[in-house]
Amino acid sequence: VPKLKLDQAEVKVDSNDLAKGLVHLPGSALPGERGNTFISGHSALSRLFNLKSASFENLTDLKKGDVIMLEANGAKFRYQVTQLKVVDPIDTSVVNPPDIQGRYLTLMTCVPPGLNFKRLVVLGKML
């Protein structure tokens, strides 16, 4: 994420273990596939986890139109932020793509940083 200076952040595929860093939601699309590539990460460090950084600590700085880039298996993918919203933790609708034909990326983290009250959801569409 160039705007956030988040470069070369590794995403654990098919994992829900946020203690390992950024995680790809099991069953969600892989980059470039139709559907929604769903990635979650911490917004603040916790004494409970041995994390060197909270990868999504500045996710709130993104705006509509910003670009997010992913690399998977040597292929590069670009997404443009189309929507940002704050939802309740139980709102699972954000896992679904806005339409069945598009290729989307969702980044999600807790807000306010370090608390578990709400989720910031950043939706991007593949360019």
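The values are calculated or read from the model by the stated rules, or taken from the named source; none is laboratory data. Note that the coordinates shown come from a computational prediction; the quantities given were computed from them, not determined experimentally. Counting neighbours? That spans all protein chains shown, and the Cβs are built from the backbone with ideal geometry, glycine included. What goes into the accessible areas is simple: the full protein's heavy atoms, side chains included, and nothing from ligands, DNA or RNA. Shrake-Rupley method; radii C 1.70, N 1.55, O 1.52, S 1.80 Å.
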TODO: Run a plain Debye calculation on the stretch 83-127 (Cα atoms as equal point scatterers, no solvent) and give log10 I(q)/I(0) at q = 0.21 Å⁻¹, rounded to two decimals, same order as the q list.
DONE: -0.68
Task: Local net charge near residue 126, Cβ-Cβ under 10 Å (Lys/Arg +1, Asp/Glu -1) - done: +3
Task: Beta bridges per DSSP with both ends in the chain, % antiparallel, nearest 5 - done: 75
Task: Total lysine pairs whose alpha carbons fall under 13 Å of each other in the chain (8 or more apart, or interchain) - done: 8
TODO: Return the carbon/sulfur percentage of the accessible area of the stretch 5-127, one whole number, probe 1.4 Å, all protein chains in place.
DONE: 51
- [ ] Note down the net charge around residue 4, summing +1 for each Lys or Arg and -1 for each Asp or Glu among other residues with Cβ under 14 Å from its Cβ.
- [x] -1
Task: Assigned charges on the beta-carbon of Lys, Arg, Asp, Glu; the stretch 1-101 dipole about Cα centre (debye) - done: 260
Task: Range in the chain, longest, excluding exposed trypsin sites (Lys or Arg not before Pro) [loop by DSSP; at most 15 other beta-carbon atoms within 10 Å] - done: 65-127
